[in-house]
Amino acid sequence: MLQSIGKQTTYYANFTPAILTKPLLKSELLKVVDSTSSEFVDSPPAQQVESSATDMEKESIAGAHVLIVDDNAINIEVARGVLDNLPVSVKIANNGEQALDIVRECEKEGHYLHCILMDCQMPVMDGYACTSAIRDGRAGQVHQQVPIIAMTANAMLGEKEKCIAAGMSDYVTKPIVASMVEPKIINWIQSAYSPQFLGKSVMDETRVVHNEMADERPSLASTSGFVEPSSPLSPSSHALPTTPVASISFTTPSSSEGSDTPIWEKSRALMRLANNQVLFDKICEMFIESVPRKCDEIKAAVNDKDASKVKLVSHTIKGMAGDIGAVRVQSRFSDIERLAKHEQLLEIDNALPEAINEIAVFLKELKPA
């Protein structure tokens, strides 16, 4: 069912509609079709999917260097999990300023970064400002045209233009889908890297290849499909993580979300990680460990009437929840993030208890029997 934003939803007997708001995004439509179609087919047992990259593709990027820039440890772990299947080395930065320092240090030492995965919303310096600084040469001349892939949860109209304006090369939406991200990483590394230069004067040789290839790269502005399709893999069930959660002090009410909304889309979250059970269990453990602290942070920010802090922390919790398939938690904190953007502190104060209680509901589902 398509409807305008803000219009009251009408429900019909005998079926439960999937609600999409206009303007319609291709990614949203594909996700809804994928989720509904899976209800009518038997899901085969999940098998971990190895990298879809060919041996030739892997050889073409062997030894390349990738920088992940994100303030969320779970997002970093997910991105690293995707890169684990590729013969590349990885550096980590937690905000834009750290990223600029790493880029400058690489140039100083004669090393070269061949691709950057850049989160858009971070404290200290966000991904847009960091990308603009790199393109302006404020991190050195060698990396001015390094491929930068934006990672953002904001799959909204206007995001494409914002990424283009900042100078980003491409765009992926979060939660990250391994089967969608890996080919983009390979493509952009190939555009900036030739492994035959390993062992030579990296700075000078790579500068030549990089600049020659720059004009041949597919620009973000010229691409028409600026959306991430849903992964075609079928969902399936897997074991739960084993970390105890009894020590987390939340009240556990019944959820106020609609009964048709699952508490935990576990199989879909696992599917996005190419059924990497080890990685999935690890990020679930990380969520269990970190979410109480994040809740304390957002409570303190509300008490301090700090809307910008509320926005940042709610964005982080939303992203963490999305990575592990806690869809109700993701929805609650998406609402709070939106309220914080407009500094609606009274509404946030009213909404926060239910959002935190939704975390309690999820943790109860997550806790091993």
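The values are calculated or read from the model by the stated rules, or taken from the named source; none is laboratory data. Computed from a predicted model, the values in this text were never measured in an experiment. Backbone-built Cβ (ideal geometry, glycine too); neighbour counts: all protein chains shown.
Screening Lys294, Lys367, Lys299, Lys309 for residues that are of a type in the set (Lys, Arg) and at pLDDT below 95 leaves exactly one candidate, Lys367.
Looking at the range 82-105, is at least one residue over 18 Å from Ile185 (Cβ atoms), assigned by TED's automatic domain parsing to the domain that holds Pro175 and in contact (Cβ under 8 Å) with a residue 60 or more places away in the chain? No.
The set of residues from the range 289-301 being surrounded by 18 or more Cβ atoms within 10 Å (Cβ to Cβ) and in contact with a Lys or Arg (Cβ under 9 Å, 6 or more places away or on another chain) comprises Ile298, Ala301. Check whether at least one residue in the range 262-274 is among the aromatic types (Phe, Trp, Tyr) and crowded, with 23+ Cβ neighbours inside 10 Å, and report yes or no. No, the range 262-274 contains no residue that is among the aromatic types (Phe, Trp, Tyr) and crowded, with 23+ Cβ neighbours inside 10 Å. Under the condition of being farther than 17 Å from Asp70 by Cα and at pLDDT 95 or above, the residues counted in the range 116-142 number 5. Can you spot a residue in the range 290-310 that is in a loop (DSSP other than H, G, I, E, B) and among the hydrophobic types (A, V, I, L, M, F, W, C)? Among the residues of the range 290-310, not one is in a loop (DSSP other than H, G, I, E, B) and among the hydrophobic types (A, V, I, L, M, F, W, C), which makes the answer no. Do we find a residue being among the polar types (S, T, N, Q) and either farther than 24 Å from Ile176 by Cβ or touching a residue at least 40 places away in the same chain (Cβ under 8 Å) (or both) anywhere in the range 321-330? Among the residues of the range 321-330, not one is among the polar types (S, T, N, Q) and either farther than 24 Å from Ile176 by Cβ or touching a residue at least 40 places away in the same chain (Cβ under 8 Å) (or both), which makes the answer no. What about Tyr171, is it in contact (Cβ under 8 Å) with a residue 24 or more places away in the chain, of a type in the set (Phe, Trp, Tyr), in contact with a Phe, Trp or Tyr (Cβ under 8 Å, 6 or more places away or on another chain) and buried (at least 20 other Cβ atoms within 10 Å of the Cβ)? So Tyr171 fits the description; yes.
The C-beta contact set for the range 106-132 (first residue in the same structural domain as Arg80 (by TED's automatic domain parsing), second residue acidic (Asp, Glu) and crowded, with 23+ Cβ neighbours inside 10 Å, distance under 9 angstrom, 6+ apart or interchain) comprises Leu117/Asp70; Met118/Asp70; Asp119/Asp70; Met122/Asp70; Asp126/Asp119; Gly127/Asp70; Gly127/Asp119.
From the list Gly140, Gly110, Gly81, the lone residue that is within 30 Å of Asn275 (Cβ to Cβ) and either out of contact with any strand residue (DSSP E or B) (no Cβ under 7 Å at 6 or more places or on another chain) or among the basic types (Lys, Arg) (or both) is Gly81. Filtering the range 75-132 to residues that are closer than 16 Å to Asp170 by Cβ and hydrophobic (A, V, I, L, M, F, W, C) leaves Ala79, Val82, Leu83, Leu113, Cys115, Ile116, Leu117, Met118, Cys120, Cys130. Residues in the range 103-118 that are out of contact with any His (no Cβ under 7 Å at 6 or more places or on another chain) and either surrounded by fewer than 18 Cβ atoms within 10 Å (Cβ to Cβ) or over 15 Å from Ala133 (Cβ atoms) (or both): Arg104, Glu105, Lys108, Glu109, Gly110, Cys115, Leu117.
Total residues in the range 94-116 satisfying the condition of being more than 17 Å from Thr316 (Cβ to Cβ) and outside any helix (DSSP H, G or I): the figure is 7.
In summary, His65 fulfils each of the numbered conditions (1) modelled with pLDDT under 95; (2) surrounded by 17 or more Cβ atoms within 10 Å (Cβ to Cβ); (3) farther than 26 Å from Leu312 by Cα with the single exception of condition (1). Assessment of the range 169-177 against the conditions (at pLDDT 95 or above and outside any loop (DSSP other than H, G, I, E, B)) yields no matching residue.
Checking each residue in the range 126-158 for being farther than 15 Å from Asn72 by Cβ, of a type in the set (A, V, I, L, M, F, W, C) and assigned to a loop (DSSP other than H, G, I, E, B) picks out Ala139, Val142, Val146, Ala155, Met156, Leu157.
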